[in-house]
Amino acid sequence: KQEVTQIPAALSVPEGENLVLNCSFTDSAIYNLQWFRQDPGKGLTSLLLIQSSQREQTSGRLNASLDKSSGRSTLYIAASQPGDSATYLCAVKGTGFQKLVFGTGTRLLVSP
Amino acid sequence: EAGVVQSPRYKIIEKKQPVAFWCNPISGHNTLYWYRQNLGQGPELLIRYENEEAVDDSQLPKDRFSAERLKGVDSTLKIQPAELGDSAVYLCASSLGPSGGALPGELFFGEGSRLTVL
């Protein structure tokens, strides 16, 4: 059974800092990995999707990497802004049944 | 292009009452998912549809939950009767499926329906 863990559970940084969010998964037989952002009381917004054959994806100030062999992914946020404050969730889709398994998220607070 | 639309956004009911949630996926998305998210947790899959067919409903509590996706487009999730532990956010998502689109398998979520059972 796939298990997804995100560390840290919460993170508080001053504006302008570069930061890294971590995601680990137990079963390396994955189809893809997706990073989402969730604002309070809102649904999930897709940030980046990495296919199993890829090592990283970039979108603006965000960069996500994938290391299947070690069961890890990182989300790098450059030059953080207060508007980046949200909960970040990673989710892993396995091969075969295509079920997406979520981590519990990292709650990020970027202070001005 | 419209995203995934869900209604209602909020629902407060007393225990033992029925409740239904509606989802309209992104046009052309053949795969539809219902997730439940408890406070402080990641979403957990309840049921997945490929077109009209429920291909994964192993996590759906079938004694009180039911879902349907008529004509392979809109979907309804029903709870009858609701229990206190059903209080959560119910999220609907859709995707093109693993073989379609520039980003196959990418999920797009709606705003969710927040249920409070008193």
Go through the range B:55-75 and report how many residues are surrounded by 15 or more Cβ atoms within 10 Å (Cβ to Cβ), at pLDDT below 90 and either in a loop (DSSP other than H, G, I, E, B) or in contact with a Cys (Cβ under 8 Å, 6 or more places away or on another chain) (or both).
2
For residue A:26, work out the one condition from (1) at the interface with chain B (Cβ under 10 Å from one of its Cβ atoms); (2) farther than 22 Å from residue B:4 by Cα; (3) of a type in the set (Val, Ile, Thr) it doesn't fulfil.
(1)
When the range A:60-69 is checked residue by residue, the ones that are in contact with a strand residue (DSSP E or B) (Cβ under 9 Å, 6 or more places away or on another chain), modelled with pLDDT of 95 or more and surrounded by fewer than 20 Cβ atoms within 10 Å (Cβ to Cβ) are A:61, A:62, A:63, A:65, A:67
Say we look at the range A:75-112 and pick out the residues that are in contact (Cβ under 8 Å) with a residue 40 or more places away in the chain and among the polar types (S, T, N, Q); which of these is surrounded by the fewest Cβ atoms within 10 Å (Cβ to Cβ)?
A:111
Considering only the range A:40-82, state which residues are within 14 Å of chain B (Cβ to nearest Cβ) and at positive phi.
A:41
In this structure, is residue A:37 within 11 Å of chain B (Cβ to nearest Cβ), in contact with a Leu (Cβ under 7 Å, 6 or more places away or on another chain) and among the basic types (Lys, Arg)?
yes
Return the total of residues in the range A:37-81 being of a type in the set (S, T, N, Q), part of a loop (DSSP other than H, G, I, E, B) and under 15 Å from residue A:25 (Cβ atoms).
3
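The values are calculated or read from the model by the stated rules, or taken from the named source; none is laboratory data. These numbers come from a predicted model, not from an experiment. Glycine gets a Cβ as well: all are built from the backbone with ideal geometry, and neighbour counts include every protein chain shown.
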